[in-house]
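Report on the following structure.
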There are 2 protein chains.
Amino acid sequence: MRHLLTLRFIDAVARVGSIRKAAETLAITSTALNRRILAIEEELGVEIFERLPTGVRLSAAGEIFLHHIRQQLSDLERVKSQIDDLAGERRGHIAIACSQALLTDFLPKQIAIYRSAHPAVTFSVYLRDRVAAEKALAEMSADLALVFEPVERSEFQVLHSVQQPVCVVMKQSHPLADQSVIRMRDCLAFPLALPSTAYGVRHLLDMAARRRLLKLQPAIESDNFEFLRSAVAAEEALTFQIPIGLPANLEALGLTMRHLAEQDVPPGVLEVGQLRGRILPVAASRFAEQILRALILRFE
Amino acid sequence: MRHLLTLRFIDAVARVGSIRKAAETLAITSTALNRRILAIEEELGVEIFERLPTGVRLSAAGEIFLHHIRQQLSDLERVKSQIDDLAGERRGHIAIACSQALLTDFLPKQIAIYRSAHPAVTFSVYLRDRVAAEKALAEMSADLALVFEPVERSEFQVLHSVQQPVCVVMKQSHPLADQSVIRMRDCLAFPLALPSTAYGVRHLLDMAARRRLLKLQPAIESDNFEFLRSAVAAEEALTFQIPIGLPANLEALGLTMRHLAEQDVPPGVLEVGQLRGRILPVAASRFAEQILRALILRFE
DNA sequence: GTAGCCTGCTGCATATTTTGCACCAGCATT
DNA sequence: AATGCTGGTGCAAAATATGCAGCAGGCTAC
């Protein structure tokens with residue numbers, strides 16, 4: 001919407017930290033952009049940006065104002081989707097920040113289901129770790145977050161949470177594969193392919209190890225779950241994953257999984273959340289409902 | 001703020017119900033105003049107004065959009081007052097819708113106190129009955145409402161409530177003045193000067209009467225409490241008022257008051273409220289706190 | 001220490017947008 | 001049928017936004 005253009009521009013400048021840089025991406029001259037900012041600042045009677053030799057930085061007032069801008073922009077989206085709803089066509093865009101485990105199977109499937117009912121709805125899905133996901137919500141660059149073991153700061157409003165026990169993934173021919181539940185101490189005899197420390201699964205494992213005064217020594221460490229699975233398929237190593245992150249074709253890959261004993265590593269929590277107090281666009285709200293139903297159906 | 005001008009205009013058009021009429025008060029030509037509306041409608045892809053031969057009326061989409069507009073406008077006020085707060089000067093404007101009883105003594109005094117601390121804050125005070133006050137909140141034409149016996153629809157969020165017993169007001173020389181608590185049946189022997197039915201006090205009295213299968217026969221009826229007091233000062237009539245609505249100089253007027261027996265007429269409730277879910281501007285929020293403290297101090 | 005490079009900012013001519021006037025068509029009231 | 005209201009449109013004038021060229025000032029690298 002045109003009347004919010006300047007506000008969009010300010011948002012962009014704040015993100016980039018430079019008027020000239022932002023102008024380039026915004027298809028506008030730095031002159032014009034600069035003057036729009038000056039005009040707004042005059043209207044407000046306060047400087048939104050501190051001018052530094054290297055660019056600009058939000059002032060205290062700017063922080064407040066920018067938050068207001070983002071709120072307005074997201075509100076407008078909501079209103080537009082409500083209006084579209086009136087006309088019967090469900091349109092809109094849903095931005096999601098989520099843990100890697102969700103990308104494997106769960107989200108693609110859920111999005112396909114939703115889009116088959118509402119083809120006009122578009123999606124953005126961003127991989128974000130537990131901290132970054134909450135930041136994305138606060139900045140309104142994401143409508144929904146699906147996070148495993150979130151940090152849960154005050155801005156994160158949980159819509160639903162399900163327990164996710166940690167599972168061991170290994171080759172079908174692995175010596176441990178004949179046990180139905182696997183103890184942590186048995187794992188230590190094998191090379192470990194662990195996700196990097198930013199991930200919730202690793203967090204749980206590290207916590208459990210520290211409680212026993214141990215330190216996990218990963219033979220292979222990666223921030224990519226697919227790579228870890230491939231690594232496990234290639235040797236007699238073990239990796240760890242939560243059920244929702246396991247691909248449906250696990251067996252076809254020659255892999256299998258077993259639950260880790262809960263007395264060794266307690267189950268983690270997968271939480272669906274939004275920015276506290278925000279009223280979501282219709283589409284995002286309905287998609288959240290769908291996800292919640294799916295989670296309940298599958299894990300409770 | 002200039003970028004919201006069109007939205008302000010739309011608000012005005014919606015209130016007046018005519019583009020030409022609105023244009024007159026907005027210091028703009030109907031042409032320009034009309035085109036601004038058309039432009040917005042094109043951006044939204046929906047008609048905001050239904051065009052009637054006699055003017056315009058909000059469409060369903062318009063209702064949603066207008067609510068959004070009012071929300072935005074009031075949000076901006078809040079943001080501006082937050083920013084002003086940053087600079088140390090408490091500025092802003094507070095709009096209040098309230099029952100008549102509050103106008104006599106309580107509000108003028110509270111506003112004077114607040115303004116002595118924050119002279120840059122300005123006030124609008126509107127007399128609104130119980131229904132209209134809540135409408136004013138919903139339309140965001142008022143930030144706060146102080147209502148006696150509110151209807152309490154869902155949009156009304158109570159910040160605080162205090163009980164207010166109904167009092168009888170009469171001349172100091174009145175035959176009933178020697179009783180400390182007055183029974184309803186004793187009142188019926190005298191001419192009654194009653195507030196009109198829209199008022200909470202009258203509502204309570206009517207309810208009490210109906211419970212006894214009576215119907216109150218007012219000798220004098222008025223929507224102005226000051227007039228009612230003067231009427232009572234002029235003859236041996238009785239009028240009714242809640243404590244907060246009694247002027248401080250009651251005795252100086254030759255009048256006095258007694259509590260009405262609570263078994264006859266139960267105390268009513270005076271409630272301070274705001275629009276549910278709305279975040280008030282800083283000034284309004286602080287003023288509300290002050291009022292709450294004052295009410296607690298005086299009536300609890 | 002200075003030359004180059006980046007930053008935000010400004011004067012002025014040029015595009016673009018917005019506005020107001022005059023006028024049109026449609027409906028309601030008289 | 002006449003009048004008076006409504007919103008809507010073509011066109012020229014006014015107002016606004018833009019882009020270019022060039023400014024001062026701070027950082028960085030040689």
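The values are calculated or read from the model by the stated rules, or taken from the named source; none is laboratory data. Just so it is clear, the model here is predicted, and its values are computed rather than measured. Here Cβ is always computed from backbone atoms with ideal geometry, including for glycine, and neighbour counts include all displayed protein chains.
Taking residues in region A:28-45 that are assigned by TED's automatic domain parsing to the domain that holds A:Leu7 and at positive phi, and partners anywhere that are in a loop (DSSP other than H, G, I, E, B) and away from DNA strand C (no atom under 11 Å from the Cβ), the pairs with Cβ atoms closer than 9 Å and at least 6 places apart or on different chains are A:Gly45/B:Ala87. Answer yes or no: is there a residue in region B:108-119 that is in contact with a strand residue (DSSP E or B) (Cβ under 6 Å, 6 or more places away or on another chain) and surrounded by 15 or more Cβ atoms within 10 Å (Cβ to Cβ). Yes: one or more hits.
Could we say that B:Ile244 is assigned to a helix (DSSP H, G or I) and β-branched (Val, Ile, Thr) here? Judged against the criteria, B:Ile244 is a match.
If you go through region B:193-229 and pick out every residue that is out of contact with any helix residue (DSSP H, G or I) (no Cβ under 8 Å at 6 or more places or on another chain), over 14 Å from B:Gln100 (Cα atoms) and surrounded by 21 or more Cβ atoms within 10 Å (Cβ to Cβ), you end up with 2. Looking across region B:201-228, the residues that are in a loop (DSSP other than H, G, I, E, B) and within 21 Å of the chain's Cα centre (by Cα) come down to B:Asp223, B:Asn224.
I'd like to know if region B:268-276 contains one or more residues that are at pLDDT below 95, surrounded by 14 or more Cβ atoms within 10 Å (Cβ to Cβ) and more than 20 Å from B:Gly200 (Cα to Cα). Yes, region B:268-276 has at least one match.
Would you confirm, using the coordinates I've provided, whether B:Ser18 is away from DNA strand C (no atom under 12 Å from the Cβ), touching a residue at least 12 places away in the same chain (Cβ under 8 Å) and more than 21 Å from A:Glu43 (Cβ to Cβ)? In short, no. Here A:Ala61, A:Ala112, A:Ala97, A:Ala136 are screened, and the one residue that is hydrophobic (A, V, I, L, M, F, W, C), within 16 Å of DNA strand C (Cβ to nearest atom) and out of contact with any Ser or Thr (no Cβ under 6 Å at 6 or more places or on another chain) is A:Ala61.
Go through (1) touching a Ser or Thr at 6+ places or on another chain (Cβ under 7 Å); (2) more than 19 Å from A:Thr104 (Cβ to Cβ); (3) of a type outside the set (A, V, I, L, M) one by one and return the number of the condition A:Phe148 breaks. With (1) touching a Ser or Thr at 6+ places or on another chain (Cβ under 7 Å); (2) more than 19 Å from A:Thr104 (Cβ to Cβ); (3) of a type outside the set (A, V, I, L, M) applied to A:Phe148, the lone miss is (2). Close Cβ contacts (under 6 Å, 6 or more residues apart or on different chains) running from residues in region A:279-296 that are more than 16 Å from A:Val158 (Cβ to Cβ) to residues that are hydroxyl-bearing (Ser, Thr, Tyr) and buried (at least 20 other Cβ atoms within 10 Å of the Cβ) comprise A:Pro281/A:Ser81; A:Val282/A:Ser81; A:Ala283/A:Ser81. Remark: pairs (first residue in region A:135-151, small (Gly, Ala, Ser); second residue assigned to a helix (DSSP H, G or I); Cβ separation under 8 Å; 6+ apart in sequence or on different chains) = A:Ala142/A:Ala133; A:Ala142/A:Ala136; A:Ala145/A:Ala133; A:Ala145/A:Glu134; A:Ala145/A:Ala136; A:Ala145/A:Leu137. Per this entry, B:Val232 is not counted among residues that are assigned to a helix (DSSP H, G or I), crowded, with 18+ Cβ neighbours inside 10 Å and within 24 Å of the chain's Cα centre (by Cα). In region A:151-171, is there at least one residue being outside any strand (DSSP E or B), over 17 Å from the mean Cα position of the chain (by Cα) and over 17 Å from A:Leu246 (Cα atoms)? No. Picking from residues in region A:57-102 that are in contact (Cβ under 8 Å) with a residue 60 or more places away in the chain and of a type in the set (Val, Ile, Thr), the one that is farthest from A:Phe287 (Cα to Cα) is A:Ile69. Based on what the data block shows, is B:Glu155 more than 15 Å from B:Gly200 (Cβ to Cβ) and among the charged types (D, E, K, R)? So B:Glu155 passes the test. Considering region A:1-99, the qualifying helices (runs of 4 or more DSSP H), each wholly inside and each with 3 or more residues that are surrounded by 13 or more Cβ atoms within 10 Å (Cβ to Cβ) and within 12 Å of another protein chain (Cβ to nearest Cβ), run over A:5-16, A:30-44, A:60-86.
For B:Ala132, the conditions (1) assigned by TED's automatic domain parsing to the domain that holds B:Gly277; (2) surrounded by fewer than 21 Cβ atoms within 10 Å (Cβ to Cβ); (3) touching a residue at least 60 places away in the same chain (Cβ under 8 Å) are fulfilled apart from (3).
Among the residues of this structure, B:Glu47 does not count as one that is modelled with pLDDT of 90 or more and more than 10 Å from DNA strand D (Cβ to nearest atom).
Remark: A:Ser116 matches the filter, which requires a residue to be assigned to a helix (DSSP H, G or I) and among the hydroxyl-bearing types (Ser, Thr, Tyr).
Might you let me know whether region A:39-48 holds any residue that is touching a Gly at 6+ places or on another chain (Cβ under 9 Å) and away from DNA strand C (no atom under 11 Å from the Cβ)? Yes, because at least one residue in region A:39-48 is touching a Gly at 6+ places or on another chain (Cβ under 9 Å) and away from DNA strand C (no atom under 11 Å from the Cβ).
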